[in-house]
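The values are calculated or read from the model by the stated rules, or taken from the named source; none is laboratory data. Note that the coordinates shown come from a computational prediction; the quantities given were computed from them, not determined experimentally. Cβ coordinates were reconstructed from backbone atoms using ideal geometry, including for glycine residues, and neighbour counts include every protein chain displayed. Accessible surface is based on the protein model in full, side chains and every heavy atom, while ligands, DNA and RNA are left aside. Shrake-Rupley method; radii C 1.70, N 1.55, O 1.52, S 1.80 Å.
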Amino acid sequence: MGMTMTQKILARHAGLDSVRAGQLIQAKLDLVLGNDITTPVAINEFQAAGFDKVFDKSRIALVMDHFAPNKDIKAATQCQQCRAFARKFEIDHYYDVGAMGIEHALLPEQGLVAPGEAVIGADSHTCTYGALGAFSTGVGSTDMGAAMAAGETWFKVPSAIQVYLTGKLRPYVSGKDVILALIGMIGVDGARYQSLEFAGPGVAELSIYDRLTISNMAIEAGGKNGIWPVDDITRAYIKDRVNRPWEAVEADEDAEYERVVEIDLGQVDCTVAWPHLPENAHNARDGQDIAIDQVVIGSCTNGQLADMAAAAEMFKGRHLAPGVRGIIIPATPTVYRECMRLGYTEIFMDAGCVVSTPTCGPCLGGYMGILAEGERCVSTTNRNFVGRMGHVKSEVYLASPAVAAASGVAGHIQHPADLG
């Protein structure tokens, strides 16, 4: 029986000719990632185990993004610990205030991930890098601590679901709508510990940023990872970013899948996940009666330049509805600079929004956009669990940048095509 893309990458990194679903393996890693919340725990475990060196200082990335710029003393202490560790072991890829971005947007942008590679990160949305044809997945801080020393970790080889894409996207529809529609179809546990592997002619209709968004939220369907074939779109993105040899993999024709989910992109409309699960998917037009208090546009899911462009299109010449707060967070310094160069920042500010330095802050209810009791937010982030963005009686509606911006202007959930 043939292997899926994920199984091929894992076999290669385990030094095996083949692997099968359910098999336990030990695999070498190309990159180990941590942030300012998860890395301190990993450092503590690293030290407790008596490790005195890292496996490769060029294959560890530490990104201060969740509570940076530091929101309080505890956050400052966590970053201080990470900073000291990075200095001690001369970590090449340490990103702090002024140079940092939101980790899962920053690492692809900086060329730290390439097709065929194996990446782990102490953050559940590490599955983002599957958009580049890599195997990437989130792990716990203990596994991260051990991996920083050993350069390898163990995996149970996942089975796979093939998501077969056909058709073309309609106006205003993006990768965020596709992944919300998919999660709505299969549920938040529909791909539990399985690889979501995307295929079909519709793949070519999705930009690299659409793919990054979709892979990012594979975990919201319970997936171990979400991975895409390497094509001209992938190669164009990494051409001037990745300066080392890489080798992509392709799924075998006789690869075994648990099931095939077919999606006609032309049938996907602007989709919003209502509280309190990403699977609670509705058409944006169903939300006309849902008044909102805030919109957040950014995060590792939708903070790329393409996302900023979609939001700017909605905000240009318009203003936030009375009583609605708008928070825009470009995901990296590069995206921030491009927003200024292209005039997006001025459009956002003219519309009444604030534009923040890159941070994960509001996504996890940390800071920079906390919700009070009874407040509602349309957010381009990836989770809308109870209390995710503040009070347990607040509500988060997940949507694309176009829907979030249109909703901010309308004062209620709004389909972009219907914005007057």
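A few notes on this one:
- V63 within 17 Å of T359 (Cβ to Cβ) and in contact with a Pro (Cβ under 7 Å, 6 or more places away or on another chain): no
- Which numbered condition M368 fails, given (1) modelled with pLDDT of 95 or more; (2) open to solvent by 40 Å² or more (accessible area, probe 1.4 Å); (3) on the phi > 0 side of the Ramachandran plot: (1)
- Residue identified as of a type in the set (A, V, I, L, M) and open to solvent by 10 Å² or more (accessible area, probe 1.4 Å) among V163, V97, V157, V178: V97
- Segment 285-309, subset among the hydrophobic types (A, V, I, L, M, F, W, C) and crowded, with 24+ Cβ neighbours inside 10 Å, residue farthest from R383 (Cα to Cα): M308
- Long-range neighbours under 7 Å by Cβ, at least six apart or interchain, first residue without any contact (Cβ under 8 Å) to a residue 24 or more places away in the chain within segment 316-345, second among the β-branched types (V, I, T): T345/V355
- Here L196 meets each of (1) in a strand (DSSP E or B); (2) open to solvent by 30 Å² or more (accessible area, probe 1.4 Å) with one exception, condition (2).
- Criterion violated by V54 - all others in (1) surrounded by 15 or more Cβ atoms within 10 Å (Cβ to Cβ); (2) in a helix (DSSP H, G or I) satisfied: (2)
- The residues on offer are S207, S136, and the sole one that is surrounded by fewer than 20 Cβ atoms within 10 Å (Cβ to Cβ), of a type in the set (S, T, N, Q) and within 20 Å of A114 (Cα to Cα) is S207.
- Output for segment 315-335, where each listed residue is within 23 Å of the chain's Cα centre (by Cα) and either under 26 Å from A372 (Cβ atoms) or open to solvent by less than 50 Å² (accessible area, probe 1.4 Å) (or both): G326, I327, I328, I329, P330, A331, T332, P333, V335
- The helices (runs of 4 or more DSSP H) found wholly in segment 62-173 and carrying at least 2 residues that are among the β-branched types (V, I, T) occupy 73-88.
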